[in-house]
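Single-structure report; data block below.
Rule-based calculations on the coordinates, nothing more; no lab input. All values reported here derive from a predicted model rather than from experimental measurement. Cβ atoms come from the backbone with ideal geometry, glycine included; neighbour counts cover every protein chain shown.
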Amino acid sequence: MHKSVFILVVSREILEGAVVDRNAAFMANRIDSLGYRVRAIQVVDRVESEMVTAIRHAIEQKPAYLLITGGIGPSFDDNTRACVAKATGLPLREDPKALEFVQSSYRRLFAKGLVDDPEITPDRARMALLPAGADCFENPIGTGPAVQLTVGNTTIFLLPGVPAELQRLFLLFVVPTMTASGPSTVRGERQIDYHGRDESAISAMLAEVSKGHPTISFRTRVQGAEEARTIRITLVAEHGDPVELEEILDAAERQLRDRLGIDMPARPTDAGRIGD
């Protein structure tokens, strides 16, 4: 069974269409390759009641991870930490390590001439307020430390909304954590390009083949346009045994290709057998 992940993006700009969300796509692509399944991606405004409701709902679904991006900076409306504390019933406390990280960040920015004053102001100090029991990680690019909190069986990460900062922190801290607790399975996939223009024409066929292979996820995506249109069919599966995984995918791919009238491609192992 897949371990699930919820992604919550805090951004009024995305809701207004002023910017395009890059963070959720960046994370979801890498999460999928780790063997997890992203069950939901939600964008919310920086409104406390809406954020608290969204966080509580996500936690109630008991995902392995809840990743929240945005709203952890020094601005007056950066309220993600407070909303997580309220949603989980935990008090906000100034964390000495987080305060040290914030001070270090502003000294670094001052040395680069990016801020006029390295001193900790009340607005800057708010970034050191964490829900009780949370851990934090230094932001090597920006100022707001990343935050990690465990609630029940769910691990929550609070990450910056600036894409460059999020990507660095996600790769430094989130990926290693998810990898260490990830599924002990191997993931494999196959792709078939069907050069037909009508997706509905193969829908019943895909449904029939899918019923015979319940452990495989069948996905379709239309590529190109008009006469050059191609339907890419992707078969995705996971298994604890790599050899059995290949056999499962081989069987499903062969059956589907037979139904579509598309030959199986030559594989390196097949080529090796020809000379035997």
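Full-extension gain between ASP250 and GLN42, please, as 0.36 nm times their residue separation minus the C-alpha to C-alpha distance.
Values: separation 208, 0.36 × 208 = 74.88 nm, distance 3.58 nm.
Roughly 71.3 nm would be gained on extension.
Please work out how much length the chain gains when fully extended from GLN61 to SER181, using 0.36 nm per residue of separation minus the C-alpha to C-alpha distance, in nm with one decimal.
On the way: separation 120, 0.36 × 120 = 43.20 nm, distance 1.86 nm.
Stretched out fully, the GLN61 to SER181 stretch lengthens by 41.3 nm.
As a check on your grasp of the helix formula, calculate [θ] at 222 nm for the chain: sum -39500 (n - 2.57) over DSSP H runs of n ≥ 4, divide by the residue count, round to the nearest 500. Intermediate results must be reported in sequence, preceding the final value.
Values: 11 runs with 107 residues, N = 276.
Here the helix-only value at 222 nm equals -11500 deg cm²/dmol.
Output the antiparallel fraction of DSSP beta bridges having both residues in the range 3-180, as a percent to the nearest 5. Show your work: numbers first, answer last.
Values: 11 of 29 bridges.
Beta bridges within the range 3-180, antiparallel portion: roughly 40 percent.
What would the Debye equation give as log₁₀ I(q)/I(0) for the range 11-133 at q = 0.13, 0.17, 0.21 Å⁻¹, counting only Cα atoms as equal point scatterers?
So the normalised log intensities are -0.66, -1.05, -1.26.
SER200 to ASP135: FRET efficiency via 1/(1 + (r/R0)^6), r the Cβ-Cβ distance, R0 35 Å, to the nearest 0.05? Write out the running numbers ahead of the final one.
Working: r = 50 Å, r/R0 = 1.44.
With a Förster radius of 35 Å, E is 0.10.
Using the Karplus equation 6.51 cos²θ - 1.76 cosθ + 1.60 (θ = phi - 60°), what ³J(HN,Hα) coupling, rounded to whole Hz, does each residue of the range 66-71 give in order, writing x for Gly and Pro?
10, 9, 10, 10, x, x
R0 = 22 Å: FRET efficiency of THR53 with LEU92, Cβ-based, nearest 0.05?
On the way: r = 19 Å, r/R0 = 0.85.
Approximately 0.70, to the nearest 0.05.
What distance in nm lies between label points placed 7 Å from Cα along the C-beta direction at SER75 and ARG12?
Result for the modelled spin labels: 0.7 nm.
Separation of the range 151-214 and the range 88-112 by C-alpha centroid, Å?
If you average the Cα positions of each part, the centres end up 33 Å apart.
Using r as the Cβ-Cβ distance of VAL236 and GLU119, and R0 as 45 Å, what FRET efficiency do you calculate, to the nearest 0.05?
Values: r = 52 Å, r/R0 = 1.16.
After rounding to 0.05, the efficiency reads 0.30.
Return one number: the angle in degrees, 0 to 90 and rounded to the nearest 10, between the long axis of the Cα atoms of helix 96-111 and the longest principal axis of the Cα atoms of the chain.
Orientation of helix 96-111: about 90 degrees from the principal axis.
So what does the Cα-only Debye profile of the chain read at q = 0.14, 0.16 Å⁻¹, as log10 I(q)/I(0), no solvent term?
-1.00, -1.17
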